[in-house]
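Taking it in order: structure first as structure tokens, then the write-up.
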Amino acid sequence: MPSKLPTIKMYLTVSEHTKITANAEKAGLSNSTYAKRICLGLPTPSLEKQQNRLELLRINADLGRLGGLFKLCLSEKETPLEPLHQQVRHVLKEIEARQREMKAIILSM
């Protein structure tokens, strides 16, 4: 059953159509929804940003696990790595600093 909503028809060159289709796919939207959002000045989501955000979150989780392993190493009383404890503590502080930086970047996205 055809829709009774008003439509806008536009003519595009093949390259314009290709570019709009590619941008719509990057945003995860249909051509119609993408064009509507652009024409109305609404924000369009970016799948690339979402994927980058997820990758940053994965890296942050990996850093957290690494920090947990370092803390476990420091808490073991039978570990023969006494001279390395200072270096391990330094690495822990660096990991925590990187995590804070990544969280700030993630929140700004």
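The values are calculated or read from the model by the stated rules, or taken from the named source; none is laboratory data. Everything quoted here is computed from the prediction, not taken from an experiment. Ideal geometry is used to build each Cβ from the backbone, glycine not excepted, and the neighbour counts take in all protein chains shown.
Scan segment 93-105 and report the pairs whose first residue is assigned to a helix (DSSP H, G or I) and whose second residue is among the aliphatic types (A, V, I, L, M), with Cβ atoms within less than 8 Å and a gap of 6+ or a chain change.
Filtered contacts from segment 93-105: ILE95/LEU63; ILE95/LEU66; ARG98/LEU63; GLN99/LEU63; MET102/LEU56; MET102/ILE59; MET102/LEU63; ILE105/LEU56.
Could you list, in sequence order, all residues of segment 21-50 that are within 16 Å of the chain's Cα centre (by Cα) and aliphatic (A, V, I, L, M)?
ALA27, LEU47
Being surrounded by fewer than 11 Cβ atoms within 10 Å (Cβ to Cβ), under 30 Å from the mean Cα position of the chain (by Cα) and at pLDDT 75 or above: is that true of ALA61 here?
no
Restricting the first residue to segment 24-43 and requiring it to be surrounded by 15 or more Cβ atoms within 10 Å (Cβ to Cβ), which pairs with a second residue that is of a type in the set (Val, Ile, Thr) meet a Cβ separation below 6 Å and a spacing of at least six or different chains?
Sorted first by the residue in segment 24-43, then by its partner, the pairs are ALA27/THR44; ARG37/THR44.
Name the single residue, out of those in segment 44-56 being modelled with pLDDT of 80 or more and outside any loop (DSSP other than H, G, I, E, B), that is surrounded by the most Cβ atoms within 10 Å (Cβ to Cβ).
LEU56
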